[in-house]
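The values are calculated or read from the model by the stated rules, or taken from the named source; none is laboratory data. All values reported here derive from a predicted model rather than from experimental measurement. Here the Cβ positions follow ideal geometry from the backbone for every residue, glycine too, while neighbour counts run over all protein chains shown.
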């Protein structure tokens, strides 16, 4: 164990919507008993891509003692994982993550996904 950055989920704020599951490329977050949970700390790389999509602000990054990130465990976990519960789409053009690269964004207090083609319009108006 060492001190490192890892995702923290505030269960009081989490409503179990599952939006944080998809951006976690390592599969560290799952919905368990109606709440998002980091299922195994060694799967969480602490990058925080999940933070921006939480509409309730339930996710944060904390620095604390945790098992080291384990790329081999991630590879094994992903090979056994079931497909995502829901597909994500660009809020503007409707393209799916299979058609265009999508990024999480906060717009007027709302967490949304935006594709790389629509992002400049969002930034520049």
Notebook entry, point to check: Of all strands (runs of 3 or more DSSP E) completely enclosed by the range 21-125, which ones contain at least 2 residues that are in the same structural domain as residue 5 (by TED's automatic domain parsing), more than 16 Å from the chain's Cα centre (by Cα) and touching a residue at least 12 places away in the same chain (Cβ under 8 Å)?
Noted result: 59-66
Check: Is it fair to say residue 3 is touching a residue at least 40 places away in the same chain (Cβ under 8 Å), more than 30 Å from residue 123 (Cβ to Cβ) and surrounded by fewer than 18 Cβ atoms within 10 Å (Cβ to Cβ)?
Finding: yes
Margin query: Quick check on the range 38-53: of everything there that is out of contact with any strand residue (DSSP E or B) (no Cβ under 6 Å at 6 or more places or on another chain) and either at positive phi or modelled with pLDDT of 90 or more (or both), which residue is surrounded by the fewest Cβ atoms within 10 Å (Cβ to Cβ)?
Written below: 40
Note to self: Taking the conditions exactly as written (out of contact with any helix residue (DSSP H, G or I) (no Cβ under 7 Å at 6 or more places or on another chain) and over 30 Å from residue 123 (Cβ atoms)), does residue 47 satisfy them or not?
What the structure shows: no
